[in-house]
Amino acid sequence: MAEEKWIVEDNENLRIDRWLSENSGLSRTRIQELAKAGMIFVNDKAVRSSYKVALNDVITCDVPDDEPIDVKPENIPLDILYEDSDVIVINKPKGMVVHPAPGVSTGTLVNALLYHCTDLSGINGKIRPGIVHRIDKDTTGCLVVCKNDFAHEAIAKQLENKTCHREYKAVVAVNIPHDDGLIDAPIGRDPRDRQRMTVTEKNSREARTKFHVLERFYNATYIECELETGRTHQIRAHMKYIGHPVVGDEKYGKPCRYMDTQGQVLHAFRLTFVHPRTNEEMVFEAPLPDYFEKLLEILRKESAR
């Protein structure tokens, strides 16, 4: 790990991620990741990527060395919704991890992409090439992957500016009494379980989830959600917070009592973004997986009794 140092010699009132991207040689996405990890300091104090630099600020950054990991291509079939020379949109199946992590080095989406694609964006390093956003292992549906740094920077900016729209469908526990809602509650790590997220004011980031009720059953609700922010486990943590955890989500609720859903009943059904090169708005939809349709059928039959 190497420490880099810069001194702000003008007073442009820029966000630190923009200032560093123009002065350090690091990409803005990489800077945001380092800030999120607490590795960027101003006058010896850790700051977020939204910090506005001031004249004579002393900026230091701990830049980690590249991780010596060998992620191997694997011939794993992919459900490709769209592909060109800049991006590839995947319908991710249940049970597939997006990128390698400690204890999971094979069978990931990245392993499959490295076999399928000749190159991927290098912005996120060797472990997460091309990955600009992700969905959880047991969540299914639309995911865009970038094939070059130009596309990666463009899609990352859309995510930051909230012009990339991600819509989900889920089945949650108990009837939600109102048809529409906005959950506006900050999310951070659960101090009692570091593998879970929770609504908290401490060490958290703003999080907003809109939802709309599609159908009500005897003791469950079928909903559509749209992310206004993109925090880890956002929908799962927010729905638990309002008393309607996602069905099958053992981390935040209970297993499904009707069938084995192999985790949360959550599907990224629609993804909308502007193509980085053509500036055309593109909309992709992934059909509900079979298990999801089967559960809806069971719930409808039970409610009709």
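The values are calculated or read from the model by the stated rules, or taken from the named source; none is laboratory data. Please read these numbers as outputs of a predicted model, since none were measured by experiment. Counting neighbours? That spans all protein chains shown, and the Cβs are built from the backbone with ideal geometry, glycine included. With ligands, DNA and RNA removed, areas are computed over all heavy atoms of the protein, side chains included. Shrake-Rupley method; radii C 1.70, N 1.55, O 1.52, S 1.80 Å.
A few notes on this one:
- Stretching the chain fully between ASP290 and ARG277 yields a gain of 1.2 nm (0.36 nm per residue, less the alpha carbon separation).
- Whole-Hz Karplus values for region 87-100 come out as 9, 9, 10, 10, 9, 6, x, 5, x, 9, 6, 6, 9, x Hz, taken residue by residue from phi with 6.51 cos²θ - 1.76 cosθ + 1.60 and θ = phi - 60°; glycine and proline positions read x.
- With 10 Å bins from 0: P(r) over region 175-300, alpha-carbon pairs, percent: 12, 38, 34, 14, 2
- Residue-averaged 222 nm ellipticity for the chain, from DSSP H runs of 4+ at -39500 (n - 2.57), nearest 500: -6000 deg cm²/dmol
- Distance in nm between pseudo-label sites at ASN13 and ARG205 (7 Å out along the Cβ direction from Cα): 2.5 nm
- Dipole in debye (nearest 20) - region 215-305, about Cα centre, beta carbon charges: Lys, Arg +1; Asp, Glu -1: 440 debye
- Radius 12 Å from Cβ of ASP86, net charge of other residues (Lys, Arg +1; Asp, Glu -1): -4
- Result for the chain in a Gaussian network model with C-alpha springs under 10 Å: among GLY130, GLY103, GLY122, the largest mean-square fluctuation is at GLY103.
- Largest GNM mean-square fluctuation among VAL53, VAL87, VAL171, using the chain with Cα springs under 10 Å: VAL53.
- Rounded to whole numbers, the Karplus 3J(HN,Hα) couplings from phi for region 229-246 are 9, x, 8, 4, 6, 4, 4, 4, 6, 5, 5, 5, 4, 8, x, 9, x, 5 Hz, using 6.51 cos²θ - 1.76 cosθ + 1.60 with θ = phi - 60°, and x at Gly and Pro.
- Computed with a 1.4 Å probe over protein heavy atoms only, the accessible area of ARG18 comes to about 110 Å².
- Most to least accessible of THR140, THR118 (protein chains only, probe 1.4 Å): THR118, THR140
- Solvent-accessible area of LYS301 with every protein chain in place, 1.4 Å probe, in Å² to the nearest 10: 120 Å²
- Using a cutoff of 8 angstrom between alpha carbon atoms and counting only pairs six or more residues apart, the relative contact order for the chain works out to 14 percent.
- Between VAL274 and MET282, the built amide H atoms are under 5 Å apart, and every one of these is 5 or more places off in sequence or on another chain.
- The long axis of helix 290-304 is offset from the longest Cα principal axis of the chain by roughly 40 degrees.
- Rolled with a 1.4 Å probe across the full set of protein chains, the surface gives MET197 an accessible area near 20 Å².
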